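See structure below.
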Amino acid sequence: MKAAVMTGIREMSIIEKEIPKPKPDEVLVQIQAVGICGSDLHYYAEGRIGDFVVEPPFILGHEASGVVVEVGSDVRHLKTGDRVALEPGKTCGRCAFCRSGRYNLCPDVAFFATPPVDGVFQEYVAHEAALCFKLPEPVDAISGALIEPLSVGFHAVRQGEAHIGQSAVIFGSGCIGLSVLLALRSIGVYNVTVVDILDNRLDKAKQLGARQVINGKETDVLAALSEITEGQGFDLAFETAGLELTTRQAMSAVKKGAVIVLIGYSASGEMNLKMSLALDKELTFKTVFRYRHLYPVAISAVACGLADVSRLVTHYYDFHEIKRAMDESLDHKDQIVKAVVRF
């Protein structure tokens with residue numbers, strides 16, 4: 001089979017390697033579509049994210065869907081020909097976090113494309129069957145690949161305890177910010193404002209149902225947000241850009257007693273925030289690390305027409321174009337919102 005291997009900073013080659021053999025509790029999946037994530041781009045451009053350092057050769061990609069072509073001897077719920085979305089993180093199943101159901105916090109997780117675990121920019125992947133979720137007929141391969149970021153959006157919405165009738169502001173309208181928007185709208189939260197500095201992303205947010213969009217380069221963000229809420233502030237804020245500036249803006253833009261959900265990673269990992277404001281407002285901060293128990297929810301939302309995640313995609317590439325896909329996703333963020341590689 002063919003696999004796309006990162007061989008250095010912004011260097012990638014397509015190589016031949018053996019097709020893996022599934023273990024008794026695994027299935028072999030022929031990959032059909034993989035979304036390019038911001039973490040893939042960080043690794044590709046910088047060779048690391050925090051303490052996770054790429055040691056080439058390394059295979060990127062973790063947002064995947066495909067077709068089951070071989071079934072392990074212990075697998076009963078899947079069969080050859082089933083179309084599946086692959087949840088990328090295999091956890092230990094034994095630690096306190098796994099046993100309590102918060103498996104996304106497992107310290108021993110093996111996650112696609114998080115060093116040293118190879119990802120799914122390859123034609124076939126053997127994966128634990130329990131982490132392969134069957135896709136109903138309305139959900140195509142592209143939407144199946146994007147169940148992963150949509151699950152992040154649903155986890156953020158759950159962390160914020162969002163509910164119908166609330167107002168929300170999202171800072172950042174990349175794939176994750178837009179996934180939060182889709183998740184909010186699917187549960188009946190329609191009064192959503194999105195802030196970004198790229199018009200193409202704000203246009204996409206508007207297409208996906210944002211009631212208002214604000215370009216932070218052209219507008220006084222806090223003045224505009226105050227006008228939208230008539231000085232009352234928002235019930236919820238979601239910060240997906242990972243910036244100190246937008247986190248400070250979120251703290252100012254929400255009302256007293258509000259919830260702020262932090263999703264984006266800052267470049268340094270540190271922020272200086274005005275905690276006196278947080279105390280005066282009695283703000284609640286929630287954070288997001290991936291997701292848990294949400295692939296079935298996200299798949300159902302897509303299948304029922306509540307979250308058309310395929311509309312996030314602005315650019316498609318074939319597998320042999322994968323280096324161009326990575327380079328253009330890095331260099332043309334003013335044009336590309338979400339790119340997907342098709343096999």
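The values are calculated or read from the model by the stated rules, or taken from the named source; none is laboratory data. From a predicted model like this one, the values you see are computed outputs, not experimental measurements. Cβ placement follows ideal geometry from the backbone for every residue including glycine, while neighbour counts extend to all protein chains displayed.
May I ask you to verify whether residue 143 is surrounded by fewer than 17 Cβ atoms within 10 Å (Cβ to Cβ) and out of contact with any Leu (no Cβ under 6 Å at 6 or more places or on another chain)? For residue 143, the condition - surrounded by fewer than 17 Cβ atoms within 10 Å (Cβ to Cβ) and out of contact with any Leu (no Cβ under 6 Å at 6 or more places or on another chain) - is not met. Applying the condition of being more than 16 Å from residue 279 (Cβ to Cβ) and in contact with a Lys or Arg (Cβ under 9 Å, 6 or more places away or on another chain) to the range 234-261 and asking which residue is surrounded by the most Cβ atoms within 10 Å (Cβ to Cβ) yields 261.
Matching residues to (1) in a strand (DSSP E or B); (2) within 23 Å of the chain's Cα centre (by Cα):
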position: 205; (1), (2): no, yes
position: 218; (1), (2): no, no
position: 232; (1), (2): no, no
position: 249; (1), (2): no, yes
position: 259; (1), (2): yes, yes
position: 265; (1), (2): no, yes
position: 270; (1), (2): no, yes
position: 273; (1), (2): no, no
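Note on the range 283-308: among residues that are closer than 10 Å to residue 151 by Cα and of a type in the set (Val, Ile, Thr), the one that is surrounded by the most Cβ atoms within 10 Å (Cβ to Cβ) is 299. From the list 260, 336, the one residue that fits, being closer than 21 Å to residue 64 by Cα and among the aliphatic types (A, V, I, L, M), is 336.
The residue list 127, 163 contains one member that is touching a residue at least 24 places away in the same chain (Cβ under 8 Å), more than 28 Å from residue 200 (Cβ to Cβ) and touching an Asp or Glu at 6+ places or on another chain (Cβ under 7 Å), which is 127.
Taking the range 45-77, which residues are of a type in the set (A, V, I, L, M), assigned to a loop (DSSP other than H, G, I, E, B) and in contact with a Gly (Cβ under 9 Å, 6 or more places away or on another chain)? Listed by number, the residues that qualify are 54, 59, 60. Can residue 275 be described as hydrophobic (A, V, I, L, M, F, W, C) and under 20 Å from residue 181 (Cα atoms)? In short, no. For first residues located in the range 314-343 and within 16 Å of residue 173 (Cβ to Cβ) and modelled with pLDDT of 95 or more, partners that are basic (Lys, Arg) and not in a loop (DSSP other than H, G, I, E, B) and lie 6+ apart or on another chain with Cβ distances below 7 Å form the pairs 337/201; 337/204.
Would you check if there is a residue in the range 94-111 being in a loop (DSSP other than H, G, I, E, B), touching a residue at least 40 places away in the same chain (Cβ under 8 Å) and either crowded, with 19+ Cβ neighbours inside 10 Å or not assigned by TED's automatic domain parsing to the domain that holds residue 60 (or both)? There is no residue in the range 94-111 that is in a loop (DSSP other than H, G, I, E, B), touching a residue at least 40 places away in the same chain (Cβ under 8 Å) and either crowded, with 19+ Cβ neighbours inside 10 Å or not assigned by TED's automatic domain parsing to the domain that holds residue 60 (or both). If you check 180, 195 for being surrounded by 24 or more Cβ atoms within 10 Å (Cβ to Cβ) and not in a helix (DSSP H, G or I), only one passes: 195. Within the range 16-42, the set of residues being free of Cβ contacts under 8 Å to residues at least 24 places away in the same chain and either under 19 Å from residue 113 (Cβ atoms) or surrounded by 19 or more Cβ atoms within 10 Å (Cβ to Cβ) (or both) comprises 42 only.
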